[in-house]
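Chemist: Sharing a structure with you now.
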Amino acid sequence: MSERAVDLEVSRPTGDSDSLSVRARKHAAWLLDLDGTLYWAPGVKLAMACELLLFGMRVLPRLRRFRHEHERLRDDRDQGDNPFAVQLARTASALALDVTELERDVRTWMIERPRRYVGWFRRSGLLRAIERFRRAGGRTAVVSDYPALEKLEALRARDLFEVVIANGEPFGPRRLKPDPDGYLKAAQALGVPPRSCLVIGDRDDADGAAARSAGMDFCQVRAFRRYLASQR
């Protein structure tokens, strides 16, 4: 039966018979989501909404459809080996657009332009905790359903992560969350067994579900300070 440390919002994988409480468990690796986890997403979304209203009304329907296809793709088993390419192809088909033109708009408005804002809204406390964890010998990775490297650079956080598994970038996941493929790839690349990994993310229906499927613990980012306190 699944145990759940409700006060910490840390969930354990179903069927884990280990009697050790999540509160006391020491994890060898932290696997982190990016968007909404390493930075405060509402602030970035508000800033980007202003930019879109001023300069990007032409692309707004394209971005909305792209996000819509992203959520549809989460539950689709037919994602091929490159979900980002499938998402682009489906969006372009639905809107009768050239895929190259659509990809240019997506990368401009969802990757490049947000860079100037993610640094403003970085979760500094979380990033400092990751740095301390690394210094103490912990292993770290980012697992993202969107391209990650440029945002990590903007967050001044690229060096905090040994492994980056990101959709739309080389060696990305073959399936989107809640499929566990990305987190399992990260654990394998780090050489850490899944049960010794903690996934930190903002969405229980995506990051949490993927973690549980992978046999990993999960912590909601908003509960991370309490998780740290439990480890002392």
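The values are calculated or read from the model by the stated rules, or taken from the named source; none is laboratory data. Note that the coordinates shown come from a computational prediction; the quantities given were computed from them, not determined experimentally. For neighbour counting, all protein chains shown are included, and Cβ atoms are generated from backbone atoms with ideal geometry for every residue, glycine included.
Chemist: Can you name the residue in the range 198-218 that is in contact with a Ser or Thr (Cβ under 8 Å, 6 or more places away or on another chain) and hydrophobic (A, V, I, L, M, F, W, C) and, of all such residues, is nearest to I130 (Cα to Cα)?
Modeler: The residue in question is I200.
Chemist: Still on this model: For V192, which of the numbered conditions (1) within 19 Å of Q79 (Cα to Cα); (2) more than 14 Å from the chain's Cα centre (by Cα); (3) of a type in the set (V, I, T) fails to hold?
Modeler: Here V192 meets the rest and fails (1).
Chemist: Here's something else I'd like to know. So which of R175, R134, R156 ends up being in a loop (DSSP other than H, G, I, E, B) and at negative phi?
Modeler: After ruling out the rest, the residue left standing is R175.
Chemist: Please go through the range 87-105 and pick out each residue that is surrounded by 18 or more Cβ atoms within 10 Å (Cβ to Cβ) and either within 25 Å of A209 (Cβ to Cβ) or touching a His at 6+ places or on another chain (Cβ under 9 Å) (or both).
Modeler: Q87, L88, R90, T91, listed by residue number.
Chemist: Pairs, please: C-beta under 8 Å, at least 6 apart or cross-chain, first residue free of Cβ contacts under 8 Å to residues at least 40 places away in the same chain and not assigned by TED's automatic domain parsing to the domain that holds C219 and in the range 192-206, second surrounded by fewer than 17 Cβ atoms within 10 Å (Cβ to Cβ) and of a type in the set (S, T, N, Q)?
Modeler: From residues that are free of Cβ contacts under 8 Å to residues at least 40 places away in the same chain and not assigned by TED's automatic domain parsing to the domain that holds C219, there are no pairs.
Chemist: I need every pair where a residue in the range 208-232 that is part of a strand (DSSP E or B) has its Cβ under 6 Å from the Cβ of a residue that is among the small types (G, A, S), sequence separation at least 6 or different chains.
Modeler: Matching pairs, first to second residue: F218/S11; F218/G208; F218/A211.
Chemist: Right, here's the next one. Quick one: how many residues across the range 143-172 are crowded, with 18+ Cβ neighbours inside 10 Å and over 18 Å from N82 (Cα atoms)?
Modeler: 8
Chemist: Something else now. So if I check each of V142, V106, V99, which one is among the β-branched types (V, I, T) and either touching a Pro at 6+ places or on another chain (Cβ under 8 Å) or outside the structural domain of R64 (by TED's automatic domain parsing) (or both)?
Modeler: Sole residue among the options that is among the β-branched types (V, I, T) and either touching a Pro at 6+ places or on another chain (Cβ under 8 Å) or outside the structural domain of R64 (by TED's automatic domain parsing) (or both): V142.
Chemist: Right, another one. Checking the condition surrounded by fewer than 24 Cβ atoms within 10 Å (Cβ to Cβ), farther than 19 Å from V221 by Cα and not small (G, A, S), which residue from R203, R175 passes?
Modeler: R175
Chemist: Test L127 against the stated conditions and say whether it is outside the structural domain of H70 (by TED's automatic domain parsing), part of a helix (DSSP H, G or I) and closer than 14 Å to D35 by Cβ.
Modeler: Answer is no for this residue.
Chemist: Farther than 17 Å from D217 by Cα and either crowded, with 21+ Cβ neighbours inside 10 Å or charged (D, E, K, R) (or both): does that describe P180?
Modeler: Taking the combined requirement at face value, the residue does not satisfy it.
Chemist: Kindly provide the set of residues from the range 33-71 that are crowded, with 16+ Cβ neighbours inside 10 Å and aromatic (F, W, Y), ordered by number.
Modeler: Hits for the range 33-71 are Y39, W40, F66.
Chemist: How many residues does the range 167-215 contain that are closer than 12 Å to D33 by Cα and of a type in the set (S, T, Y)?
Modeler: The qualifying residues number 1.
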